[in-house]
Amino acid sequence: MASVSLESIKRKFNNVTAIEDITFNIPDGEFWVLVGPSGCGKSTILRTIAGLETATSGKLYIGDKLMNNVPARQRDVAMVFQNYALYPHMTVAENIAFGLRMRKVDPKVVQERVMTVARSLALEHLLERKPKQLSGGQQQRVALGRAIARQPQVFLLDEPLSNLDAQLRDDTRAELKELHLNLGITTVYVTHDQVEAMTLADQIVVLNRGRIQQIGEPQEIYAKPANRMVATFVGSPPMNILPAKYVAGGFDVDGQVLPVSGDMQGKLHLREGQGFDLGVRPESISINEPRRREGREGEFAELVVEVKVVEPLGRETLIRAVLPGSGVVVNVQAGADVRPRPGDRLVLDVDLSKLFV
Ligand code: ADP
């Protein structure tokens, strides 16, 4: 096992800069997730660590060894891709053993290692099958097993769950987490799925257009997004961004004034009349219920919206509404029993302590 350090890594393809000024240090044994929209440079970073891509400039260390000029084979990293690429003519056991056989490991050790890996991934009963006799989830576990069997210093996973259907994806995600807890191998995991990022990561690196936007623990990224890109990328449904204007005593949103406390005003440094974006998470908005607010009147502000789409999800209801004046979309996460109809006017309670300016 080893730490992974990137210092000002840059990669250009002809005149296109894929990643720039990428600097972070993953301590030994941690699980880090690179997240961001398609094309933001996640795979390029992973491939650079793997040695499948060469940095244009900057330094890459695994442990305390400079790796820039070390070939992929000698880096002692294992990479798993979304298309698991198993050898179709080999059995599961042979697939798991392949990397070890290539390294001329003692056959007895190989045999033991295969069994240990198969046990930890619940593949024991499948060892004699060929890949095409397996489900997608089982194939993905074999791909992971093949990587684990080598006992690499670093695990690199590139969207390993994206080809699985929803249920299997949840199960495999939980298995991955457990596996990491058991093995403690330093892991870099790429995904565009922010649920995977939130649930798996010790630290999340949010990327956009080849640059790091924020590095932090999942809860920190969620509660204190560094900028608008992070705020709208993390969270599902995403944070609402409402155009607002600062007026005496509050925020004017769509002609409706949300009062803000003197305390909050003091921290904002806004000029009266100044326009800005107000961020509010869907779960910080509720349907107006005067009884619940009794005694807490100052903590909420009312906002009137018009309902467009209602999506019952079992445990909760997602409501897509708009501000009547400007048509700006407001997503609301409401209780399962709340069922407004499209066209209804709803009065919302916005939790004033949960606003982002
Ligand atoms: P992500 O994994 O976040 O989707 P990538 O790392 O694959 O993003 O790509 C980042 C940027 O680099 C994109 O603009 C992509 O088009 C570009 N890029 C990646 N690989 C190459 C390549 N081999 N040649 C030219 N451009 C590339």
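The values are calculated or read from the model by the stated rules, or taken from the named source; none is laboratory data. Quantities reported herein were computed from a predicted structural model and do not represent experimental measurements. Neighbour counts are summed over all protein chains in view; Cβ atoms, including those assigned to glycine, are modelled from backbone coordinates with ideal geometry.
Before moving on, here are some points about what is shown:
- Residues of region 165-201 classified as surrounded by 17 or more Cβ atoms within 10 Å (Cβ to Cβ) and of a type in the set (K, R), total: 2
- When the criteria are applied in full, P243 fails the requirement of being in contact with a Ser or Thr (Cβ under 6 Å, 6 or more places away or on another chain) and either surrounded by fewer than 18 Cβ atoms within 10 Å (Cβ to Cβ) or among the small types (G, A, S) (or both).
- Residues that are part of a helix (DSSP H, G or I) and at pLDDT below 90 were ranked within region 129-138; the one that is nearest to the chain's Cα centre (by Cα) is G137.
- Any hit, region 216-237, residues being acidic (D, E) and part of a loop (DSSP other than H, G, I, E, B): yes
- Taken as a whole, the structure leaves T54 outside the set of residues that are over 24 Å from G184 (Cβ atoms), out of contact with any Cys (no Cβ under 6 Å at 6 or more places or on another chain), surrounded by 20 or more Cβ atoms within 10 Å (Cβ to Cβ) and among the hydroxyl-bearing types (S, T, Y).
- All of V253, V280, V206, V230 fail the test of being closer than 21 Å to E302 by Cβ, buried (at least 21 other Cβ atoms within 10 Å of the Cβ), touching a helix residue (DSSP H, G or I) at 6+ places or on another chain (Cβ under 7 Å) and touching a residue at least 24 places away in the same chain (Cβ under 8 Å), apart from V280.
Residues are listed down the side, and each one gets a yes or a no for (1) of a type in the set (S, T, N, Q); (2) crowded, with 16+ Cβ neighbours inside 10 Å; (3) assigned to a strand (DSSP E or B):
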position	(1), (2), (3)
K12	no, no, yes
G29	no, no, no
I49	no, yes, no
G58	no, yes, yes
N83	yes, no, no
H89	no, no, no
I96	no, yes, no
G99	no, yes, no
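- Cβ-Cβ under 7 Å pairs, at least 6 apart or on other chains, region 90-115 side over 20 Å from P131 (Cβ atoms) and modelled with pLDDT under 95, far side in a helix (DSSP H, G or I) and β-branched (V, I, T): none
- Scan of region 184-200 for residues that are in contact (Cβ under 8 Å) with a residue 40 or more places away in the chain, away from the ligand (no atom under 16 Å from the Cβ) and either of a type outside the set (V, I, T) or farther than 17 Å from A143 by Cβ (or both), ordered by number: G184, T186, V195, L200
- L34 falls short on exactly one of the conditions (1) surrounded by 20 or more Cβ atoms within 10 Å (Cβ to Cβ); (2) within 16 Å of the ligand (Cβ to nearest atom); (3) assigned to a helix (DSSP H, G or I), and that condition is (3).
- Pair list, Cβ under 6 Å, 6 or more apart: region 328-349 residue within 21 Å of V257 (Cα to Cα), other residue among the small types (G, A, S) and modelled with pLDDT under 90: D349/S286
- Every condition in (1) within 16 Å of the ligand (Cβ to nearest atom); (2) crowded, with 21+ Cβ neighbours inside 10 Å; (3) more than 14 Å from F13 (Cα to Cα) is met by M67 except one, and the failing one is (1).
- Hey, A122 in the same structural domain as G29 (by TED's automatic domain parsing), more than 26 Å from L46 (Cα to Cα) and not in a helix (DSSP H, G or I) or not: yes
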